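Asker: Once you've had a glance at the structure underneath, I'll fire off some questions.
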Amino acid sequence: MSEPGGYEPVDPNSPKIQSLAHFVVYDYNDEKRTHLKLLKVLKAEKQVVDGTIYRLTLEVSNGGLIEVYETIFYVKVEEFKRIVPH
């Protein structure tokens, strides 16, 4: 159990987390004109506020190099996906 207002673990292999991870990588590639490829969600956490804040640790391929990225983003209650820079 997490502390009130803190992040709690989420199954990184759940369909929802996988979908969100693919969305984040696609959006990042579109914005930065890169060609990252999602390999694996290493860690997933969420914090419920007026919506949900997700913190994902992603393993990606970047031109053949394996890199680890952390992303934090907010999903409104109505499931609108918006990336919040950190």
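The values are calculated or read from the model by the stated rules, or taken from the named source; none is laboratory data. Keep in mind that this is a model prediction, so the values were computed, not measured. Counting neighbours? That spans all protein chains shown, and the Cβs are built from the backbone with ideal geometry, glycine included.
Asker: Of (1) of a type outside the set (A, V, I, L, M); (2) touching a His at 6+ places or on another chain (Cβ under 9 Å); (3) in a loop (DSSP other than H, G, I, E, B), Thr34 satisfies all except one. Which?
Answerer: (2)
Asker: Could you please find all residues in the range 59-86 being at pLDDT below 85, in a strand (DSSP E or B) and not charged (D, E, K, R)?
Answerer: Within the range 59-86, just Ile83 meets the criteria.
Asker: Restricting to the range 9-21, name every residue that is surrounded by 12 or more Cβ atoms within 10 Å (Cβ to Cβ) and either in contact (Cβ under 8 Å) with a residue 60 or more places away in the chain or more than 16 Å from Glu70 (Cβ to Cβ) (or both).
Answerer: First, the residues of the range 9-21 that are surrounded by 12 or more Cβ atoms within 10 Å (Cβ to Cβ): 10, 12, 14, 16-18, 20-21.
Those that are surrounded by 12 or more Cβ atoms within 10 Å (Cβ to Cβ) and either in contact (Cβ under 8 Å) with a residue 60 or more places away in the chain or more than 16 Å from Glu70 (Cβ to Cβ) (or both): Ser14, Lys16, Gln18, Leu20.
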